[in-house]
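Beneath this line is the structure, given in structure tokens, with notes to follow.
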Amino acid sequence: MFKPIISDTDTRFQLQCLDKFPHIFSVSKHDDFAAVLRFEIQDAESFPVPLLWDNTRYPRLIFICPCCCEKRLYLYGASNGWACRKCLKLNYVVQSMGTEDRLRKRLRKLRHSIWGAEASLDTFERSYPFSKPKRKRFDSFLNDVEKLNLIEDRYLGIVQQRFVRLDKVINALARKVNLI
Ligand SMILES: [Zn+2]
């Protein structure tokens, strides 16, 4: 998706991402790379992510991980930068995502059983005991929402911890980044 813009050094671009990762960037030229994406981050200089053409028959733009300088097809975001799975020690994070995924599925299912097609898909939002569906009795509706809130609170707690861990790792990385 970066292909059409790697020569456009005058524009501020925006990535469409739901999470609060650095998403505004500009492109700068560099002799050793196809281009360098410079993400705007708070309280620091831009966070550089170099792009390179790989030497396959149909060349693709790939990333250089700003931390380990290895070629990578994917980078992962945190609140203040991007790095590869290995550098972000994502295995640990991914393990704990088992619980996170299970909770997310459970809370979506429960919401659906309460509100049907009207159920909110936003798992970062806590549900409130409003908009009781007509077919439901009020006390069982309140019970269900209370049960749902317990799951939502556990889920949000785990997500929060994951973001704190990712932030720590990427903060340490950002200090080490002196590639360019
Ligand atoms: Zn890396």
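Values quoted throughout were computed directly from the atomic coordinates according to the rules given, and no laboratory measurement underlies them. Computed from a predicted model, the values in this text were never measured in an experiment. Please note: Cβ atoms are built from the backbone with ideal geometry, for glycine as well, and neighbour counts cover all protein chains shown.
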Selection within the stretch 26-42 - touching a Pro at 6+ places or on another chain (Cβ under 6 Å) and either of a type in the set (Ser, Thr, Tyr) or assigned to a loop (DSSP other than H, G, I, E, B) (or both): PHE33, ILE41
The stretch 76-90, residues that are of a type in the set (A, V, I, L, M, F, W, C) and more than 8 Å from the ligand (Cβ to nearest atom): ALA78, TRP82, LEU90
Single condition CYS68 does not satisfy, out of (1) in contact with a Cys (Cβ under 6 Å, 6 or more places away or on another chain); (2) within 30 Å of LEU156 (Cβ to Cβ): (2)
Residues of the stretch 1-38 satisfying the condition of being touching a residue at least 60 places away in the same chain (Cβ under 8 Å), surrounded by 13 or more Cβ atoms within 10 Å (Cβ to Cβ) and not β-branched (Val, Ile, Thr): PHE21, PRO22, HIS30
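Residue-wise test of (1) touching a residue at least 12 places away in the same chain (Cβ under 8 Å); (2) over 30 Å from ASP32 (Cα atoms).
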{"residue": "ASN55", "(1), (2)": "no, no"}
{"residue": "PRO66", "(1), (2)": "yes, no"}
{"residue": "CYS69", "(1), (2)": "yes, no"}
{"residue": "SER79", "(1), (2)": "yes, no"}
{"residue": "ILE114", "(1), (2)": "yes, yes"}
Unmet criterion (only one of (1) assigned to a loop (DSSP other than H, G, I, E, B); (2) touching a Leu at 6+ places or on another chain (Cβ under 6 Å); (3) within 16 Å of the ligand (Cβ to nearest atom)) for PRO129: (3)
Some residue of the stretch 18-30 being within 16 Å of the ligand (Cβ to nearest atom) and either among the hydroxyl-bearing types (Ser, Thr, Tyr) or more than 30 Å from LEU156 (Cβ to Cβ) (or both): no
All positions within the stretch 43-74 that are surrounded by fewer than 21 Cβ atoms within 10 Å (Cβ to Cβ), assigned to a loop (DSSP other than H, G, I, E, B) and within 11 Å of the ligand (Cβ to nearest atom): CYS68, CYS69, GLU70, TYR74
